[in-house]
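The values are calculated or read from the model by the stated rules, or taken from the named source; none is laboratory data. Everything numeric here is computed off the predicted structure, so don't read it as measured data. Positions of Cβ are generated from backbone atoms using ideal geometry, with glycine treated the same way; all protein chains shown enter the neighbour counts.
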Amino acid sequence: MADLDNILIFVKVAQFESITRAARSLGMPISTVSRRLSVLESDLGVSLLRRTTRRVTLTAQGREYLSQCQEPLNLLQEAEQVLTHAQKRPEGLLRITVPVVLSQEPFFNFMSAFMKDHEGIRVELVVTNLLLDLIAENIDVAIRVGELQDSSVVARRLGTGVYCLVAAPEYLKARTLPAEPADLKSHDCVMFNAKNNERDWDLVSGRRKVRVHVSGPVASRDVNSARAFVHRGHGIGLLPSAYCDEAIARGKLIRVLPKWTSSSIPIFALYSSRKFLPLRVSAFLEALAGWSPLWIKG
């Protein structure tokens, strides 16, 4: 198959009917243009051009070859223009995956505002706690909570979050408030990612660190379900503070052991490559970096 660059040079020469003007248009030396034309003719085994000292004209084979080449070349140029345009304005399908803990009003409000600001972007949101393969699943951005295991992707740290101990007034009504983390052992606890309705909670208070083994009547695979059972008075939960603050302020939940929380949990935005990052992705990452109701920056 003939070299595509040589075909493009031939088309330019045919359009200008001049090697000199074609070379000037292409920003190439005249000798290079002439040599590349000779290579193309040699590859095809035909004479495409008649050269004189004053002008260049097409042979019969040259006219036929030009007519066959122009349409696919025009299609390639149109495709290039589409890609170039897409890199001038954020648009196209943006596929995002987030953990279940983010499927709440604050994040939905953020996504709604982002889409209204970028009307050319369409969003497919995958809410799951599964660690999807970004490349295999064609994911543009993944938001992950916790330490990272995959070093093959680019990670941008968004901030940190903490989990705090809370309970519904209904649960605490007939019970003594815990005074120390060890007191949690005698309370019903609502857990996620538990085994046989038991698990260890790692808590910190300043420089103090403790691990408490807790158990309870209900456990779930995700934070949202656990939070629902905490609100319904089934026990003490260790829940993301960002999703508890409003309920605490309204008296729907009560902080338990307020000096104790989980350790800081990092939150990252992951994407597959730094090179040729689509504008829709960079726009979303920039918006994420400027928004932090659900985590502490840094």
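Before moving on, here are some points about what is shown:
- Screening region 55-110 for residues that are among the aromatic types (Phe, Trp, Tyr) and surrounded by 14 or more Cβ atoms within 10 Å (Cβ to Cβ) and picking the one that is modelled with the highest pLDDT gives 110.
- Considering 247, 219, 182, the condition of being outside the structural domain of residue 116 (by TED's automatic domain parsing), assigned to a helix (DSSP H, G or I) and surrounded by 12 or more Cβ atoms within 10 Å (Cβ to Cβ) is satisfied by 247 alone.
- Residue selected from region 119-143 under the condition of a type in the set (D, E, K, R) and surrounded by fewer than 20 Cβ atoms within 10 Å (Cβ to Cβ), by the criterion nearest to residue 221 (Cα to Cα): 133
- Matching option when the condition is assigned to a loop (DSSP other than H, G, I, E, B), free of Cβ contacts under 8 Å to residues at least 40 places away in the same chain and charged (D, E, K, R), among 175, 227: 175
- Residue-level analysis places residue 273 outside the set of residues that are assigned by TED's automatic domain parsing to the domain that holds residue 108, under 24 Å from residue 152 (Cα atoms), assigned to a helix (DSSP H, G or I) and of a type outside the set (A, V, I, L, M).
- Answer residue from region 144-175, given it is touching a Phe, Trp or Tyr at 6+ places or on another chain (Cβ under 7 Å) and among the hydrophobic types (A, V, I, L, M, F, W, C) and is surrounded by the fewest Cβ atoms within 10 Å (Cβ to Cβ) among those: 148
Per-residue answers, yes or no, for (1) more than 13 Å from the chain's Cα centre (by Cα); (2) not in a loop (DSSP other than H, G, I, E, B):
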site	(1), (2)
112	yes, yes
134	no, no
143	no, yes
147	yes, no
152	yes, no
156	no, yes
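- In region 25-50, the residues that are under 13 Å from residue 12 (Cα atoms) form Cβ pairs under 6 Å with partners that are part of a strand (DSSP E or B), at six or more places apart or across chains, as follows: 49/56.
- Look at (1) touching a Phe, Trp or Tyr at 6+ places or on another chain (Cβ under 9 Å); (2) small (Gly, Ala, Ser); (3) within 23 Å of residue 92 (Cβ to Cβ) and you find that residue 136 fails only one, number (1).
- Pair list, Cβ under 7 Å, 6 or more apart: region 206-223 residue within 18 Å of residue 260 (Cβ to Cβ), other residue buried (at least 16 other Cβ atoms within 10 Å of the Cβ) and of a type in the set (Lys, Arg): 214/199
- Per this entry, residue 120 is counted among residues that are touching a residue at least 12 places away in the same chain (Cβ under 8 Å), farther than 26 Å from residue 229 by Cβ and out of contact with any His (no Cβ under 6 Å at 6 or more places or on another chain).
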